[in-house]
Amino acid sequence: MNTQLGPLRGAWLVAGREISTRMRGKSFVLGTLLMLAIVGGLVGFSALGGANERTAAVTAQSAQTGEALRAQLQATGGKLALRPVADAAEGERLVRDGDVDVFLANGSGVSAVVDRDTDGELRGALDVLAVKAVLAEAGRAPEPAQVRALTPADPDRGSRLMLAFATAMLLYFALVGYGVTVAQGVVEEKSSRVVELLLAAVRPWQLLAGKVIGIGLVGLTQLALVAGAGLAAASASGVVTLPGGTVGTVAGMIGWYLLGFTLYATLFAATGALVSRQEDMQSVITPVMMLLILPFAAGLPLLLRNPADRLVEWASMLPPFAPMLMPIRAALGAAPLWQQLLAAGLMLPAIGLLLWLGGRVYANTVLRVGARTRLAEALSRN
């Protein structure tokens, strides 16, 4: 007699079990508190600010101005490194590439070139130098420093950077944390033989789908709670101005979490099913972890430094890296809508392929205990 449940009912039964178990666990509460602490720390850091270490490009003619600017910033706790350049063209190129913060140009008074706009502390120091230069010359009225921006200033740039960084942190912790939870759950059920009881009522693919859906919804709940609390804290603090499109960015982050989690959770579940002991799990999930760590560790610094980086732009449209990189580019305002739609469109067939492959691996290995199953055997037809 066939006692197995229908396709949808079986998957949702497993999903409900995962939701009720995970949300009552200490790891959910502690994880939520940790993510809230991270978001709160970001808001607090933005509110408090801090001393910046900057670099100024100087020519032989403006080197003296650079020394004076460094002394002025040191008086208020700031730091400035000087980088000699041959001419104005080289200085402006370094500013445009983000290698230096400001180029002190030649000319009368104090003249500087920045990429977009300069922060208040640096601008104040430049103005003080300009006033001192005028006071040294009799008969001239005080005037502020001449600061020229190479590109139009974005008044929300600082807020966009903070929003992008917060988005990256939340996505990284959610995808890695709950992806590993999926793999751990698979291994636990195999080692305790609970999976044999579950498979008496549901099919292997239903068990896989239920685990992905259930744990994914738990992660989504946590992500929504933390994102909502972060937005409330940013608005209430008064010192962090949320840029235009913030709600859209948060909605996009949640959408990319759903796409990314489905993709990576399937990989985590399939690789976790290859082993039956917790101590063996790390070796099989490491390649999947690297697909998440690489764009976070390498792509995030590049994007925060130069949102228009071409390498990251192309990588952000590829399925393995899109869930981490595209939401950050969107938060920075550097991703056109067509690129976001293209990346999401490429994710869908990739998810379908991995669900098919992952379902086969899971079905072929979930009942195997003992030695690690080879991937070729797991993909073979039974």
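Taking 0.36 nm per residue of sequence separation and subtracting the Cα-Cα distance, how much length would be gained by fully extending the chain between Leu36 and Arg193, in nm to one decimal?
Value of the extension gain: 52.9 nm.
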Original post:
Taking the mean number of other Cβ atoms within 10 Å as a proxy for protection, how do you rank 216-223, 325-332, 189-196, 53-60 from highest to lowest?
Top reply: 325-332, 216-223, 53-60, 189-196
Original post:
Can you list the lysines whose alpha carbon is less than 26 Å from that of Lys190, not counting same-chain residues fewer than 8 positions off?
Top reply: Lys26, Lys211
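Subtract the Cα-Cα distance of Leu8 and Asp280 from 0.36 nm times their separation in residues, and report this length gain in nm to one decimal.
On the way: separation 272, 0.36 × 272 = 97.92 nm, distance 3.22 nm.
Length difference between fully extended and current span is 94.7 nm.
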Subject >> Spacing of the two label points (7 Å from each Cα toward its C-beta) at Glu67 and Ala308, in nm >> reply: 3.6
Original post:
Of Gly359, Leu325, Tyr264, whose Cα points farthest to the positive end of the dipole of region 249-382 (charges on the beta-carbon: +1 Lys, Arg; -1 Asp, Glu; origin at the Cα centre)?
Top reply: Gly359
**OP:** Taking 7 Å along the Cα-to-C-beta vector as the label spot, tell me the Asp99-Thr55 distance in nanometres, rounded to one decimal.
**Re:** 0.8
Original post:
Each residue of region 180-186 in order: what ³J(HN,Hα) in whole Hz does its phi give by Karplus 6.51 cos²θ - 1.76 cosθ + 1.60, θ = phi - 60°, with x for Gly and Pro?
Top reply: 5, 4, 4, 4, 4, x, 5
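Extension gain Arg116-Leu294, at 0.36 nm per residue separation less the Cα-Cα distance, in nm? Display every interim value, and only then the final one.
Details: separation 178, 0.36 × 178 = 64.08 nm, distance 2.93 nm.
Here the answer is 61.2 nm.
Every number here is computed from the coordinates shown, using simple stated rules; none is lab data. Just so it is clear, the model here is predicted, and its values are computed rather than measured. So basically every Cβ, Gly included, is an ideal-geometry build from the backbone, and we count neighbours across all protein chains shown.
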